[in-house]
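**Student:** Following this message is one structure expressed as structure tokens.
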Amino acid sequence: MGLLSPRTPRRLLSRALALLLLAGTALGAGAPVSEYQLKAVFLFNFAQFIEWPAAALPRDSAPFVIGVLGQDPFGSELDDVVRAESINHHPLAVERYHSVTEVRDCQILFIAASERAHLDQVLAALKGRSILTVTDANAPTPSGVMIELVRADNRIKLRIDLQAAKDSNLTISSKLLRPAEIVGSRS
């Protein structure tokens, strides 16, 4: 078998998109992909820049789950990005939840804007669990969500709450922190 597999071009595209995104890719009229395609790639690539405690990761062949809580803004975009991909030999899977009480074995949870009014309750229900929380709800003040995808100046930028990640025993790579606005403690 050669070095390139049938998935290699797509995989390389995902990695290239991720690098562009992490540098603050512009969203403009001539953009070849939609905002939620870009955000789906972000979610996929966060798995490679976050360190979870061993107990929070799937066992054996269980999937690495990216969950969407609330009204799903991705449509099929997130499913398309993770299809046939894996993280540390775990297949990636997308699960959708109507309520935070449905969230079980999930490693990354995207909290949709539809849940903004309930954000405090959602975060309280997840307290103590090693689940990376991500939103694009654009809260006016730091919300306690670990990563906020903020649209500013026609770009998607990262706002990272280091204290929220630390409180959930997650470690965020400096490669992800460099292009981000940090709103929590760096210690």
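The values are calculated or read from the model by the stated rules, or taken from the named source; none is laboratory data. This one's a predicted model, so the numbers in the text were calculated from it and none came from an experiment. We place every Cβ from the backbone using ideal geometry, glycine too, and count neighbours over all the protein chains shown.
**Student:** Any residue at all in the range 159-170 that is within 18 Å of Val65 (Cβ to Cβ), of a type in the set (Gly, Ala, Ser) and touching a Lys or Arg at 6+ places or on another chain (Cβ under 8 Å)?
**Tutor:** Checked the range 159-170: at least one residue is within 18 Å of Val65 (Cβ to Cβ), of a type in the set (Gly, Ala, Ser) and touching a Lys or Arg at 6+ places or on another chain (Cβ under 8 Å).
**Student:** Please go through (1) closer than 20 Å to Pro58 by Cα; (2) in a strand (DSSP E or B); (3) under 14 Å from the mean Cα position of the chain (by Cα); (4) not basic (Lys, Arg) for Cys106 and return the number of the only condition it doesn't satisfy.
**Tutor:** (2)
**Student:** Is the range 65-79 home to any residue that is of a type in the set (Phe, Trp, Tyr), modelled with pLDDT of 90 or more and within 17 Å of Arg129 (Cβ to Cβ)?
**Tutor:** no
**Student:** Please find, within the range 81-100, the residue that is nearest to Gly70 (Cα to Cα) out of those that are of a type in the set (A, V, I, L, M) and free of Cβ contacts under 8 Å to residues at least 60 places away in the same chain.
**Tutor:** So the residue we want is Val100.
**Student:** A further question follows. When you go through Ala93, Ala55, Ala84 one by one, which is the residue that is part of a loop (DSSP other than H, G, I, E, B) and either touching a Ser or Thr at 6+ places or on another chain (Cβ under 9 Å) or hydrophobic (A, V, I, L, M, F, W, C) (or both)?
**Tutor:** Of the residues listed, the single one that is part of a loop (DSSP other than H, G, I, E, B) and either touching a Ser or Thr at 6+ places or on another chain (Cβ under 9 Å) or hydrophobic (A, V, I, L, M, F, W, C) (or both) is Ala84.
**Student:** Kindly indicate whether Ala124 is part of a helix (DSSP H, G or I), in contact (Cβ under 8 Å) with a residue 60 or more places away in the chain and within 24 Å of Gln163 (Cα to Cα).
**Tutor:** The answer is no for Ala124.
**Student:** Assuming Val65 fulfils every condition listed in (1) under 24 Å from Gln163 (Cβ atoms); (2) crowded, with 19+ Cβ neighbours inside 10 Å apart from one, which condition is it?
**Tutor:** The number of the failed condition is (1).
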